[in-house]
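K.L.:
One structure, pasted below without further comment.
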Amino acid sequence: MRQPFVAGNWKMNGSRESVEALLNGMKDAMGSISKTEVAVCPPFVYIPQVAQICAGTSIKWGSQDVSSEKAGAYTGETATSMLNDFDCTYAIVGHSERRTLHGESDEMVAKKSAAAQADGIIPIICIGETLEEREKGITEEVVGRQLNAVIDVIGVQALQKAVIAYEPVWAIGTGMTASPEQAQDVHAYIRKLIADKDAATAEKVQILYGGSVKADNAESLFGMPDIDGGLIGGASLKVEDFMAICRAGDNTAV
Ligand code: 13P
């Protein structure tokens, strides 16, 4: 069966001091986590600090974005080789905040996923509909389009070396969590879309839910058959909250 996975997306939060305090707190609490893979995705500048503190522990780390290009005149961008210099396991790609605020297209997200995989980094591929799209009844169409754009470039079997994060935009940072049933419906749709192309890949790929996951709703979400864990924003910045969510992963592991 699929291993539960809980990843913290710190977004643009933290300081040298808070990173140290958060990770040391997590390290102290990791003894209580045995089944769930745990990762943190800090802002780029803190990746070396995270790598130093988490080396030799079971906590993995990754970036919040990555360039689709290898090197060169791309001001402000960060290449996969640079992430590898600091032992990143993961790179989040296509987060809705990047799609909306930085105009990232489905094609760009696909290219970033391919670039990450080409250098051995596991992309956490974010997909999800806006409130307007949900109300129009086109949620499946939207997430299907976003995912198919990636599959067209990397191929369906390459999803075995990727993680998918379903993050309904209306649930991100709003406190409006999708109900476990609402999330499960979309996760099942995503897994079926993949199964129609390759059943073995669909069985293996981890599909995380993201959007206002908190300590008190994590277990009911992760308990759903097609929800394999979570991508956590705000609640990943507090040791107790984040570790409680990681324990929900352990409690729902099958
Ligand atoms: P929140 O958990 O703060 O809603 O953020 C979710 C998210 O965007 C994770 O990538």
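K.L.:
So the check is Cβ under 7 Å with 6+ separation or different chains; which pairs have a first residue in the range 8-27 that's modelled with pLDDT of 95 or more and assigned to a helix (DSSP H, G or I) and a second one that's open to solvent by 50 Å² or more (accessible area, probe 1.4 Å) and within 15 Å of the ligand (Cβ to nearest atom)?
P.N.:
Once the first residue is modelled with pLDDT of 95 or more and assigned to a helix (DSSP H, G or I) and sits in the range 8-27, its partners that are open to solvent by 50 Å² or more (accessible area, probe 1.4 Å) and within 15 Å of the ligand (Cβ to nearest atom) give LEU22/LEU237.
K.L.:
Here is a further query. Here's a check for you: in the range 214-237, which residue that is open to solvent by less than 10 Å² (accessible area, probe 1.4 Å) and farther than 17 Å from ALA253 by Cα is nearest to the chain's Cα centre (by Cα)?
P.N.:
Here the answer is ILE232.
K.L.:
Here's something else I'd like to know. Take the range 36-64 and flag every residue that is of a type in the set (Gly, Ala, Ser) and without any contact (Cβ under 8 Å) to a residue 40 or more places away in the chain.
P.N.:
ALA51, ALA55, GLY56, SER58, SER63
K.L.:
Within the range 173-182, work out how many residues are hydrophobic (A, V, I, L, M, F, W, C) and either open to solvent by 30 Å² or more (accessible area, probe 1.4 Å) or away from the ligand (no atom under 16 Å from the Cβ) (or both).
P.N.:
Total satisfying the criteria: 1.
Rundown of residues vs (1) more than 30 Å from ARG247 (Cβ to Cβ); (2) in contact with a Ser or Thr (Cβ under 9 Å, 6 or more places away or on another chain), yes/no style:
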site	(1), (2)
TYR74	yes, yes
GLY103	yes, no
ASP106	yes, no
ILE121	no, yes
ALA149	yes, yes
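K.L.:
Within the group ALA162, ALA149, ALA202, which residue is closer than 26 Å to ALA116 by Cα and free of Cβ contacts under 8 Å to residues at least 40 places away in the same chain? Break it down stepwise before answering.
P.N.:
On the way: ALA162 fails: free of Cβ contacts under 8 Å to residues at least 40 places away in the same chain; ALA149 fails: free of Cβ contacts under 8 Å to residues at least 40 places away in the same chain.
Step by step, each of ALA162, ALA149, ALA202 is checked, and only ALA202 is closer than 26 Å to ALA116 by Cα and free of Cβ contacts under 8 Å to residues at least 40 places away in the same chain.
K.L.:
Something else about it: Give me the residue from the range 174-208 that is over 16 Å from the mean Cα position of the chain (by Cα) and among the small types (Gly, Ala, Ser) and, out of that set, farthest from VAL156 (Cα to Cα).
P.N.:
Checking each candidate, the answer is GLY175.
K.L.:
Also: Here's a check for you: in the range 31-66, which residue that is in a helix (DSSP H, G or I) and open to solvent by less than 20 Å² (accessible area, probe 1.4 Å) is nearest to LEU101 (Cα to Cα)?
P.N.:
ILE47
The values are calculated or read from the model by the stated rules, or taken from the named source; none is laboratory data. Please read all numbers here as calculations on a predicted model, not as lab measurements. All Cβ positions, even for glycine, are placed from backbone atoms using ideal geometry, and neighbour counts span all protein chains on display. Side chains included, ligands, DNA and RNA excluded: accessible areas come from the protein's heavy atoms. Shrake-Rupley method; radii C 1.70, N 1.55, O 1.52, S 1.80 Å.
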